[in-house]
Every structure is written in structure tokens, then in C-alpha cells.
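Remarks on the structure that follows.
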Amino acid sequence: MSAQKPEWLRVRAPSGETYVKVKNLLRGLQLHTVCEEAQCPNSAECWGGGTATIMILGDVCTRGCRFCAVKSGDPRGIFDPDEPQKVAAALSNLDIKYAVLTSVDRDDLQDGGAGHYAKTISAIKETSPGIIIEALIPDFSADEKALSKVVEAGPDVIGHNIETVERLTPNVRDRRSTYRQSLSVLKAVKRMNPNIYTKSSIMLGLGEAEEEVLRSFSDLREAGVDMLTIGQYLRPSEWHLPVSAFVPPEKFERYRELAQEHGFLYTASGPLVRSSYRAGEFFIEALTRRKREMMADVR
Ligand code: SF4
């Protein structure tokens with residue numbers, strides 16, 4: 001298949017005042033963003049809109065998924081203990097309503113980094129109580145004691161990506177990242193706190209069949225997942241998995257409709273959509289605010 005990207009995948013280079021402001025502020029605080037690490041095509045739009053997905057726990061992952069541009073290696077238990085305060089400080093200087101925290105996998109840490117997530121969420125809540133927080137977490141090797149630390153910190157949304165359909169998972173994701181394990185993590189969050197929204201994400205263009213995608217919709221709904229994003233896989237380098245198809249926008253629209261029929265509260269679906277794509281944030285923000293108002297009325 002020619003590697004030439006179709007016109008619907010061509011985006012302008014990131015630019016603009018807010019984009020530069022966000023970039024410099026985060027650089028100044030030695031903070032990483034997935035936007036830069038994963039070469040996300042949306043950073044112009046997201047940053048232009050005053051939001052960024054902040055990566056905590058460093059930029060070296062202990063796993064090696066064949067679709068991911070993040071560096072793999074051994075971080076030797078090292079991370080910045082001041083990061084929670086730095087992230088909170090950065091966000092309090094950015095006019096944002098919705099913050100996404102994410103990280104590489106840290107199998108080198110006893111709790112996989114869950115405690116650090118909890119500290120960062122608490123620090124943000126202290127300095128910017130109005131910000132809606134999404135924690136886009138690794139699977140913590142399905143360690144529920146670790147997972148409960150994040151749940152108890154009380155983010156509004158917890159995301160964990162299944163990335164692809166069950167059949168392709170062993171070839172696409174690191175062998176320690178299994179489809180069933182990811183579903184069990186999402187299900188455990190809902191069991192621990194049903195008031196937290198859960199979210200997942202699937203990439204298309206890796207050789208999946210439509211019925212397999214629909215089966216993953218059912219599996220996610222069975223695990224109680226509320227929101228879904230669906231985007232096009234893009235090959236970061238010659239080392240990574242080849243793209244088996246550039247899926248046209250109308251096919252994404254069809255999947256969006258089918259996902260809604262499966263009962264998701266929100267589905268963002270499009271060639272350029274990524275886990276924490278802005279549009280979804282707007283919708284989730286609306287949902288979360290409505291829920292806060294309802295909870296405030298009950299009190
Ligand atoms: S675990 Fe996450 S960050 Fe690490 S290689 Fe896989 S997708 Fe990338």
C-alpha cells in the first residue's frame with residue numbers, strides 16, 4: 001500500500017500564539033506532552049484551543065508497542081518527585097477547563113506509577129479546583145491496589161486504550177498489554193467508583209474487519225465504558241507497523257453512528273481523532289458539569 005497520505009490526513013504545522021505560549025511554558029517546567037512525543041497531528045488545534053495532554057513519569061516506556069513513537073527502555077525507577085506541583089503550576093497558568101494526564105508504562109515502579117498519578121491529580125485539584133481532570137492510564141498490570149490509588153484521587157474521567165481489536169492485539173501491542181487485561185482494568189474502575197466516567201480508544205488501519213470493531217464496541221460497553229474515540233493509525237517510522245489501510249472519513253462516520261447505537265455517551269471518530277481530542281473534551285466537560293450540578297443539588 002503506498003505510504004502516500006490521502007488529502008484528509010494532511011494537516012498544517014502547529015503554530016499560533018497560544019501554541020507557542022503552551023509549548024514554552026511546558027518546556028520551562030521540563031514537562032513532556034504526548035502531543036510532541038507521539039507526533040500528534042492535532043497539537044495545533046488542541047494547543048491553539050488552550051489544552052495539552054501532559055505526560056507524567058518521564059518519556060521512556062518499559063514496554064514496546066509496535067505502533068507507538070514513544071521511546072522504550074529502562075527508566076531505572078527514576079521520576080521527578082516534584083512533577084505533581086510542576087504540572088499543577090503549569091495548568092494554573094494555562095487557561096484550560098479540561099486537563100489530560102497520561103504516561104508511559106512504568107513496570108519498573110512497584111505500583112506502576114499510580115501513586116504519582118494520585119499526587120498529580122490532588123495537586124491540580126488544590127490549585128485549580130475548576131479544571132476537569134482526565135487520567136489516561138496504563139494498565140498497572142491489572143494491579144487493583146495500584147488502580148484504586150488513582151480512583152480514590154477522584155479524577156472526573158479515567159481513560160485506558162484497548163488500541164485495536166482482540167485478534168490484532170498480540171501483534172500491535174507489547175506482549176504485557178493484553179486486550180482482556182485492558183477490559184478488566186476499565187471494568188474495575190467502574191466497580192470501584194461508578195461516578196467516574198470511563199473512556200477508551202481504538203486505531204483503525206491495522207487490518208481489522210468491521211465485525212471485529214463492532215465486537216470491541218460490545219466488549220467495551222460490557223465493561224461499562226462510557227466514551228470512545230476512533231482514529232487512523234499513522235506509522236511513526238520504518239521500524240513501526242505498516243499502515244494496512246487509510247480509512248476514509250465516511251467510514252469513520254459510520255463507525256461513530258454504530259458506536260452510538262451500542263450506547264456510548266460520546267464517540268469522537270475521524271481520521272485525525274486521537275484519545276484526548278478536543279471535541280470530546282467539550283462534550284465530556286458538558287457531561288461532567290451537568291453531573292456536578294446534579295450532585296450539588298442532592299447535597
Ligand atoms: S505502553 Fe503506551 S507508551 Fe508504552 S509503548 Fe505501548 S503505547 Fe507506547
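The values are calculated or read from the model by the stated rules, or taken from the named source; none is laboratory data. Bear in mind that the values here come from a model prediction, so they are computed numbers and not experimental data. Positions of Cβ are backbone-derived with ideal geometry, glycine not excepted, and every protein chain shown enters the neighbour counts. Quick note on the areas: whole protein, heavy atoms, side chains included, nothing else; ligands and nucleic acids left out. Shrake-Rupley method; radii C 1.70, N 1.55, O 1.52, S 1.80 Å.
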*Hey, Pro242 open to solvent by 30 Å² or more (accessible area, probe 1.4 Å) and within 14 Å of Val172 (Cβ to Cβ) or not*: yes
_The conditions are (1) more than 16 Å from the ligand (Cβ to nearest atom); (2) surrounded by 15 or more Cβ atoms within 10 Å (Cβ to Cβ), and Pro81 fails exactly one of them. Which is it?_
(2)
*Enumeration of residues in the stretch 164-194 that are open to solvent by 40 Å² or more (accessible area, probe 1.4 Å), within 16 Å of the ligand (Cβ to nearest atom) and either outside any helix (DSSP H, G or I) or under 18 Å from Gly231 (Cα atoms) (or both)*: Arg175, Arg176, Thr178
*Scan the stretch 149-162 residue by residue and report those that are open to solvent by 20 Å² or more (accessible area, probe 1.4 Å) and over 15 Å from the mean Cα position of the chain (by Cα).*
Lys149, Glu152, Gly154
_Pairs needed: first member in the stretch 128-142, free of Cβ contacts under 8 Å to residues at least 60 places away in the same chain and among the polar types (S, T, N, Q); second member anywhere, outside any loop (DSSP other than H, G, I, E, B) and open to solvent by less than 20 Å² (accessible area, probe 1.4 Å); C-beta distance under 6 Å; at least 6 residues apart or different chains._
Ser128/Leu91
*asked:* Restricting to the stretch 216-259, count the residues that are without any contact (Cβ under 8 Å) to a residue 40 or more places away in the chain and among the β-branched types (Val, Ile, Thr).
replied: 1
*Just name the residue that is surrounded by the most Cβ atoms within 10 Å (Cβ to Cβ) out of those in the stretch 37-60 that are at pLDDT 85 or above and in contact with an Asp or Glu (Cβ under 7 Å, 6 or more places away or on another chain).*
Met55
*So which residues in the stretch 125-136 are open to solvent by less than 10 Å² (accessible area, probe 1.4 Å) and under 23 Å from Pro75 (Cβ atoms)?*
Ala135
*In the stretch 97-112, the residues that are open to solvent by less than 20 Å² (accessible area, probe 1.4 Å) and in a loop (DSSP other than H, G, I, E, B)*: Val104, Arg106, Gly112
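Is the stretch 72-87 home to any residue that is within 25 Å of Leu183 (Cβ to Cβ) and within 17 Å of the chain's Cα centre (by Cα)? Break it down into steps so the answer makes sense when it comes.
Taking the stretch 72-87 as the starting set, the residues that turn out to be within 25 Å of Leu183 (Cβ to Cβ) are 72.
Filter again for within 17 Å of the chain's Cα centre (by Cα), leaving none.
Among the residues of the stretch 72-87, not one is within 25 Å of Leu183 (Cβ to Cβ) and within 17 Å of the chain's Cα centre (by Cα), which makes the answer no.
Is it true that Ala146 is open to solvent by less than 20 Å² (accessible area, probe 1.4 Å), within 16 Å of the ligand (Cβ to nearest atom), closer than 19 Å to Met227 by Cα and without any contact (Cβ under 8 Å) to a residue 60 or more places away in the chain?
No: the conditions fail for Ala146.
Can you find, within the stretch 61-78, the residue that is most open to solvent (accessible area, probe 1.4 Å) among those that are more than 9 Å from the ligand (Cβ to nearest atom) and in contact with a strand residue (DSSP E or B) (Cβ under 8 Å, 6 or more places away or on another chain)? Explain how you work it out, then say what you get.
Step one: filter the stretch 61-78 for residues more than 9 Å from the ligand (Cβ to nearest atom), giving 73-78.
Checking the rest, the ones that are also in contact with a strand residue (DSSP E or B) (Cβ under 8 Å, 6 or more places away or on another chain) come to 73-75.
Values: Gly73: 37, Asp74: 102, Pro75: 19 Å².
Once the filter is applied, the top-ranked residue is Asp74.
Filter the stretch 101-127 for residues that are hydrophobic (A, V, I, L, M, F, W, C), within 14 Å of the ligand (Cβ to nearest atom) and within 15 Å of Val150 (Cβ to Cβ) and give the result. Talk me through it step by step, then tell me what you get.
Filtering the stretch 101-127 for residues hydrophobic (A, V, I, L, M, F, W, C) gives 101, 104, 109, 114, 118, 121, 123-124.
Restricting the remaining residues to those that are within 14 Å of the ligand (Cβ to nearest atom) gives 101, 104, 109.
Leu101, Leu109 - these are the residues of the stretch 101-127 that are hydrophobic (A, V, I, L, M, F, W, C), within 14 Å of the ligand (Cβ to nearest atom) and within 15 Å of Val150 (Cβ to Cβ).
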*Could we say that Gly115 is in a loop (DSSP other than H, G, I, E, B) and among the small types (Gly, Ala, Ser) here?*
no
